[in-house]
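Following: one structure in structure tokens, then a few remarks.
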Amino acid sequence: MSETSLEHRQISGAFADLVRTADPSGWDAPAPVDGWTARDVVRHLVEWFPAFLQGAAGITLPPGPSVDADPVGAWAAQNEAVQALLEDPETAARPIDNPHLGAMSLEQATSRIYVADVFMHTWDLARATGQPVALDEDRCATMLAGMQPLDEMLRASGQYGPKVAVPDDAPAMDRLMGFIGRDPGFRAV
């Protein structure tokens with residue numbers, strides 16, 4: 001099993017744990033992303049990555065349940081399908097060429113953009129569903145260090161909100177969340 005396959009299994013598994021243990025009555029609770037609900041956090045991941053795979057690599061993931069009808073099933077279906085792609089060496093090595101990322105393997109693109117997105121949205125889902133979250137501090141620090149030089153480009157993409165001021169001595173998780181536009185003190189109502 002490749003490093004990316006293991007990475008995906010761990011990070012998407014942590015997200016899956018939150019999805020499975022969320023109170024079913026709380027899917028419409030507000031999320032830290034302005035205008036989103038807990039269900040929208042799952043919807044975002046279940047919708048954008050299959051479209052990326054189709055456009056960049058011609059791969060169509062098997063359809064799962066709709067997020068509106070079954071967020072737990074929707075996530076489980078996508079999680080299993082992506083894991084299967086990463087565990088197939090031929091598919092994982094498939095080259096993609098994306099105007100924003102350049103040329104790389106499907107495995108590299110998945111690690112760089114999808115697994116990173118699942119990692120960050122794990123915090124969003126935990127906060128929206130009132131569950132505890134403790135993201136890996138080393139990974140948070142590494143991601144933050146990699147994103148800071150791209151600040152202007154990231155803000156211009158519209159994918160990140162305005163930075164939220166966080167003390168320099170705050171945990172790396174709080175600093176990363178503040179950098180991507182989340183209030184580290186957010187709690188669902």
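The values are calculated or read from the model by the stated rules, or taken from the named source; none is laboratory data. Bear in mind the structure is a predicted one, so any value in this text is a computation, not a measurement. As a convention, Cβ positions derive from the backbone with ideal geometry for all residues, glycine included, and neighbour counts pool all protein chains shown.
Here 74, 56, 31 are screened, and the one residue that is at pLDDT 95 or above, among the aliphatic types (A, V, I, L, M) and in contact with a strand residue (DSSP E or B) (Cβ under 9 Å, 6 or more places away or on another chain) is 31.
Selection of the stretch 17-32 for residues being surrounded by fewer than 20 Cβ atoms within 10 Å (Cβ to Cβ) and not polar (S, T, N, Q) yields 17, 20, 23, 24, 26, 28, 29, 30. Taking the stretch 99-136 as the range and being among the small types (Gly, Ala, Ser) and either within 12 Å of the chain's Cα centre (by Cα) or buried (at least 21 other Cβ atoms within 10 Å of the Cβ) (or both) as the test, the residues that pass are 109, 111, 116, 126, 128. Considering the stretch 19-132, the qualifying helices (runs of 4 or more DSSP H), each wholly inside and each with 3 or more residues that are without any contact (Cβ under 8 Å) to a residue 40 or more places away in the chain and of a type outside the set (A, V, I, L, M, F, W, C), run over 38-57, 71-87.
Looking at the stretch 64-82 only, could you name the residues that are under 25 Å from residue 105 (Cβ atoms) and surrounded by fewer than 18 Cβ atoms within 10 Å (Cβ to Cβ)? If the condition is that a residue be under 25 Å from residue 105 (Cβ atoms) and surrounded by fewer than 18 Cβ atoms within 10 Å (Cβ to Cβ), then 77, 80 are the ones that fit. Filtered by the rule that a residue be over 16 Å from the mean Cα position of the chain (by Cα), more than 13 Å from residue 32 (Cβ to Cβ) and assigned to a helix (DSSP H, G or I), the stretch 147-187 gives 148, 149, 150, 151, 152, 153, 155, 156, 157, 172, 175. Determine the pairs where a residue that is farther than 14 Å from residue 120 by Cβ and not assigned by TED's automatic domain parsing to the domain that holds residue 34, located within the stretch 137-160, has a partner that is loosely packed, with under 12 Cβ neighbours inside 10 Å and modelled with pLDDT under 95 with Cβ atoms under 8 Å apart, the partner being 6 or more residues away or on another chain. The qualifying pairs are 155/162.
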